[in-house]
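Structure, as structure tokens:
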Amino acid sequence: MRKYRNLVIWQRSVELATSVYKITSMFPSEEKYGLISQMRRCAVSIPSNIAEGAGRSSDKDYSRFLEMAYGSAYELETQI
């Protein structure tokens with residue numbers, strides 16, 4: 001079992017998700033089911049995929065989940 005909580009990238013991605021939640025809480029209410037929801041899901045997906053990948057038994061699976069986290073980061077960047 002990999003110790004994902006020790007990974008700086010996981011720690012920073014949790015901080016990023018927290019920041020996204022704080023910032024999007026200031027968005028107009030008409031974005032509640034649009035951009036706010038999408039940005040929050042992307043932000044939470046990053047550390048979630050890192051953690052889930054760490055729990056996988058093979059390096060190949062771990063790598064696949066890290067790639068998904070990377071993709072979510074690009075998606076969030078686009079929305080920002």
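What follows draws every value from the coordinates through simple rules; no lab data is involved. This is a predicted model, so every value here is computed, not measured. As a convention, Cβ positions derive from the backbone with ideal geometry for all residues, glycine included, and neighbour counts pool all protein chains shown.
Here are the numbers for this structure:
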{"item": "Gain in span if fully extended, residue 38 to residue 59, counting 0.36 nm per residue against the direct Cα distance", "result": "4.6 nm"}
{"item": "Length-normalised contact order for the chain - Cα pairs under 8 Å, 6+ apart - percent", "result": "33 percent"}
{"item": "The chain, dipole about Cα centre (Lys/Arg Cβ +1, Asp/Glu Cβ -1), debye to the nearest 20", "result": "340 debye"}
{"item": "Projected-area mean, the stretch 4-79, by convex hull of Cα positions, square nanometres", "result": "4.9 nm²"}
{"item": "Tilt relative to the chain, helix 8-24 - C-alpha long axis, 0 to 90 degrees, to 10", "result": "10 degrees"}
{"item": "Per-pair calculated FRET efficiency, R0 = 41 Å: residue 5 and residue 80 via Cβ, rounded to 0.05", "result": "0.95"}
{"item": "Residue-averaged [θ]222 nm for the chain, counting only DSSP H segments that reach four residues, each worth -39500 (n - 2.57)", "result": "-25000 deg cm²/dmol"}
